[in-house]
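The values are calculated or read from the model by the stated rules, or taken from the named source; none is laboratory data. Since we're looking at a predicted model, the values are computed, not measured. Cβ placement follows ideal geometry from the backbone for every residue including glycine, while neighbour counts extend to all protein chains displayed.
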Amino acid sequence: MHLAKLTALALCLALTQSACLIKSKSTTSQSGTLVGEETLASIEPGMDRLQVESILGWPTTQSILSDGGEVWKWRHSQVTTKSGRVIFLVSSQDTKTVERTAYVQFDPEGLVTRTWCE
């Protein structure tokens, strides 16, 4: 009988304290400019730099090509970190990073020749 009372007491204690036993947390941070598929598809060959800038905004970086053309890049990064802990004894952390870069290439006259993303 004594064992049954102790078991029942332990079970009640575990059920009422379970919120204190498990802790989880999730955070997400973003940086850069996210250029969506549809938005990038609206950039057409022959558009000039000002038209591209008015649609996509100012690029993250610009590179000059050997032929005098340019490649503009818009980078976006999203980092999600999830962590959990049980009674301060067992803990885990998982970090997931998603990066996306959109590109627009211009010829030496400043007109779009192609777009792509990675």
Q: Please indicate, with yes or no, whether at least one residue in segment 11-24 is modelled with pLDDT of 90 or more and part of a helix (DSSP H, G or I).
A: no
Q. Would you call Ser54 modelled with pLDDT of 95 or more, in a strand (DSSP E or B) and out of contact with any helix residue (DSSP H, G or I) (no Cβ under 6 Å at 6 or more places or on another chain)?
A. no
Q) If we keep just the residues of segment 42-64 that are without any contact (Cβ under 8 Å) to a residue 24 or more places away in the chain and of a type in the set (A, V, I, L, M, F, W, C), which is surrounded by the most Cβ atoms within 10 Å (Cβ to Cβ)? A) Ile55
**Q.** Residues (more than 22 Å from Glu37 (Cα to Cα), surrounded by 13 or more Cβ atoms within 10 Å (Cβ to Cβ) and among the small types (Gly, Ala, Ser)) located in segment 73-118
**A.** Ser83, Gly84, Gly110
